[in-house]
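S.K.: Take a look at the following structure, please.
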Amino acid sequence: MTWSKIYNIIKFVAKSVYRNFEVIKSVLLIFLIMLSLILTWSLWTLKPNYSNLEETRTLKKAQVTDTKKITDVIRPSQIIYYDKNSYRGMPANDNFIERVNQMLENTKFYESRNRPSTNIDEKLKNKEYIEVIYPTDMTADIYSQIFNLTSSGGTFTIPSADRVIFYKKDTNEVEAHIISYTQRKMITASTTFPFDSLKNIINNAKSGVLEYEPYDVERDTDQGAEVSRRFYFPKQSFELNSYSYLSRSINSDTIDRYKNALFRDPGNVKSGNTGEYYTDESSALDVNRNTNRIKYTNFTQGPDEDMTQQTRSPLFNSVDFINNHAGWGNPYYFYNLDPTSGSVEFLLFVRGIPVIKSDMEMKLGWTNNELNEYQRSLVELVMDDKEYSFKPKKVKLQSAAEVKAALKEYDMSLVNKLAVGYEMTHARGQENVYNLQPKWFVNYGPSHDWQPLFRDSQGPGGEF
């Protein structure tokens, strides 16, 4: 092809473009508009494939098969029925506690009134009543989760309280006192609580019912002595079973389960030079093989920050966190809340009794709704298979008189709690077998340490 022919072709194309410039411009504009619409639609319907992140999230969900609600982890520590002559209760009875919890969930509370907390005993001494005692003071937002509260006829300003007393008025209407002895606060509310049904369960029980004695810790006030705390102890010595359980093996798969659940991106986690210590840019996981415990620390949130920004109960945050990070393992129940520090504690329960052992405690710390620290045991007892259980043995526990005598060695202003719990020890020569021995325990001192009430050493204190 000669250059003249090429020149003529170019000249023809140029003239054609010039003559049809407006048409070409319109077509190009339509094309760009269509392309813009296609790209916008693609952006709206885009599903990113963040493989590492999605893999981690899927793994977390697959591992958590034992999620719980708030009502699943809160249970009374004692339920006492007073029949105008004596106090009775049923210790270490899971079925009984579950039935009472169901009754409470279905009970409506309404028409609340603020009342002074003085002279409660005088007001109730000629009435039958049922006292539901929780292991620690609970705030109003927690009660709103476990009770059916209505605002008809008044507003609920429930104090931080650890007990609810139900009693029948002369009209047979059932009222409730929600009481805080320590804060000297109380509200009274009308309720639909099935008082007679619960009374009949205790009266008709063929076994397991014990008679109790109250034990009051008093303080001096301008109006005289006043109850600051109240405990109930079985009047006579009584028997409970000791048990032995196998535990599941703790291996690298166990550690990986928590690594995958706790770290946002397990693929970027680095191992420490000594021991089992794992970290990324914002958190760390420390595995203690001597105690079989883990400690997860979030470096992005300092424990000394302003707690006034805590807009949600640390208990609610803790339940959500455990539900989404490898689950519970064994039956743990809420046992303590310190609103000032944002600390929440859960204890392992076996057959209705807590395991009082620091190595088995589950503890979480929160500031401004952000996790500071998560500690828990890696030990999981095999509790759902009768084939692996051992024959229980009877253990005799001390009576109220003996408990009161032992408490004379203590400064009662430093006694936080008293409870029957299991002391957990390794079976001799069997690494994966644990013995659970029931004993009286006292929670003592500003550090809230648990220790056996009866022991060989003299005076309060000491290890167990």
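S.K.: Would you kindly identify the strands (runs of 3 or more DSSP E) lying entirely within segment 161-249 that contain at least 1 residues that are among the acidic types (Asp, Glu) and surrounded by 15 or more Cβ atoms within 10 Å (Cβ to Cβ)? So that I can check it myself, show each step before the final result.
M.R.: Numbers: elements: 161-168, 174-180, 185-191, 210-221, 224-234, 238-246.
By residue number, 161-168, 174-180, 210-221, 224-234.
S.K.: Right, something else. If only one of Asp359, Asp338 is free of Cβ contacts under 8 Å to residues at least 12 places away in the same chain and assigned by TED's automatic domain parsing to the domain that holds Arg264, which one is it?
M.R.: Just a single option satisfies the conditions, and that option is Asp338.
S.K.: Those residues that are in contact with a strand residue (DSSP E or B) (Cβ under 7 Å, 6 or more places away or on another chain), among the β-branched types (Val, Ile, Thr) and farther than 11 Å from Pro438 by Cβ, I need them from segment 339-358; list them, please.
M.R.: Within segment 339-358, Val344 is the sole residue that qualifies.
S.K.: Return yes or no: is Asn200 free of Cβ contacts under 8 Å to residues at least 60 places away in the same chain and closer than 30 Å to Asp162 by Cβ?
M.R.: Details: free of Cβ contacts under 8 Å to residues at least 60 places away in the same chain: yes; closer than 30 Å to Asp162 by Cβ: yes.
Criteria met by Asn200.
S.K.: Which of (1) in contact with a Phe, Trp or Tyr (Cβ under 9 Å, 6 or more places away or on another chain); (2) at pLDDT below 90 does Arg115 not meet, given it meets every other one?
M.R.: (1)
S.K.: Conditions: (1) closer than 30 Å to Phe233 by Cβ; (2) surrounded by 13 or more Cβ atoms within 10 Å (Cβ to Cβ); (3) not aromatic (Phe, Trp, Tyr). Lys391 meets all but one. Number of the miss?
M.R.: Among (1) closer than 30 Å to Phe233 by Cβ; (2) surrounded by 13 or more Cβ atoms within 10 Å (Cβ to Cβ); (3) not aromatic (Phe, Trp, Tyr), Lys391 violates only (2).
S.K.: Quick one: would you say Tyr181 is under 26 Å from Ala401 (Cα atoms) and either modelled with pLDDT under 95 or among the acidic types (Asp, Glu) (or both)? Give the derivation first.
M.R.: Numbers: under 26 Å from Ala401 (Cα atoms): yes; either modelled with pLDDT under 95 or among the acidic types (Asp, Glu) (or both): yes.
It is true that Tyr181 is under 26 Å from Ala401 (Cα atoms) and either modelled with pLDDT under 95 or among the acidic types (Asp, Glu) (or both).
S.K.: Could you say whether any residue in segment 263-273 is within 30 Å of Tyr212 (Cα to Cα) and either of a type in the set (Ser, Thr, Tyr) or touching a helix residue (DSSP H, G or I) at 6+ places or on another chain (Cβ under 6 Å) (or both)?
M.R.: To start, the set of residues in segment 263-273 that are within 30 Å of Tyr212 (Cα to Cα) comprises none.
The answer is no; no qualifying residue exists.
Here is a yes/no grid of residues against (1) among the small types (Gly, Ala, Ser); (2) modelled with pLDDT under 95; (3) in contact with a Leu (Cβ under 7 Å, 6 or more places away or on another chain); (4) surrounded by 15 or more Cβ atoms within 10 Å (Cβ to Cβ):
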| residue | (1), (2), (3), (4) |
| --- | --- |
| Leu347 | no, no, no, yes |
| Leu378 | no, no, no, yes |
| Asp385 | no, yes, no, no |
| Glu409 | no, yes, no, no |
| Lys417 | no, yes, no, yes |
| Val420 | no, no, yes, yes |
| His426 | no, yes, no, no |
| Glu431 | no, yes, no, no |
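S.K.: Given the condition out of contact with any Asp or Glu (no Cβ under 9 Å at 6 or more places or on another chain) and hydroxyl-bearing (Ser, Thr, Tyr), answer yes or no: does some residue in segment 199-209 qualify?
M.R.: Yes; the residues of segment 199-209 include at least one that is out of contact with any Asp or Glu (no Cβ under 9 Å at 6 or more places or on another chain) and hydroxyl-bearing (Ser, Thr, Tyr).
S.K.: Then there's this: Considering only residues that are closer than 18 Å to Glu380 by Cα and touching a strand residue (DSSP E or B) at 6+ places or on another chain (Cβ under 7 Å), which ones fall in segment 255-272?
M.R.: Filtering segment 255-272 for residues closer than 18 Å to Glu380 by Cα gives 255-259, 261.
Across segment 255-272, the qualifying residues are Ile255, Tyr258, Lys259.
S.K.: Modelled with pLDDT under 90, assigned by TED's automatic domain parsing to the domain that holds Met360 and either outside any strand (DSSP E or B) or surrounded by 15 or more Cβ atoms within 10 Å (Cβ to Cβ) (or both): does that describe Arg264?
M.R.: On the way: modelled with pLDDT under 90: yes; assigned by TED's automatic domain parsing to the domain that holds Met360: yes; either outside any strand (DSSP E or B) or surrounded by 15 or more Cβ atoms within 10 Å (Cβ to Cβ) (or both): yes.
Here the answer is yes, as Arg264 does meet what is asked.
S.K.: What's the number of the only condition in (1) touching a strand residue (DSSP E or B) at 6+ places or on another chain (Cβ under 8 Å); (2) of a type in the set (Asp, Glu); (3) in contact (Cβ under 8 Å) with a residue 40 or more places away in the chain that Asp141 fails to meet?
M.R.: Every listed condition holds for Asp141 apart from (1).
The values are calculated or read from the model by the stated rules, or taken from the named source; none is laboratory data. All values derive from a computational prediction rather than experimental measurement. For neighbour counting, all protein chains shown are included, and Cβ atoms are generated from backbone atoms with ideal geometry for every residue, glycine included.
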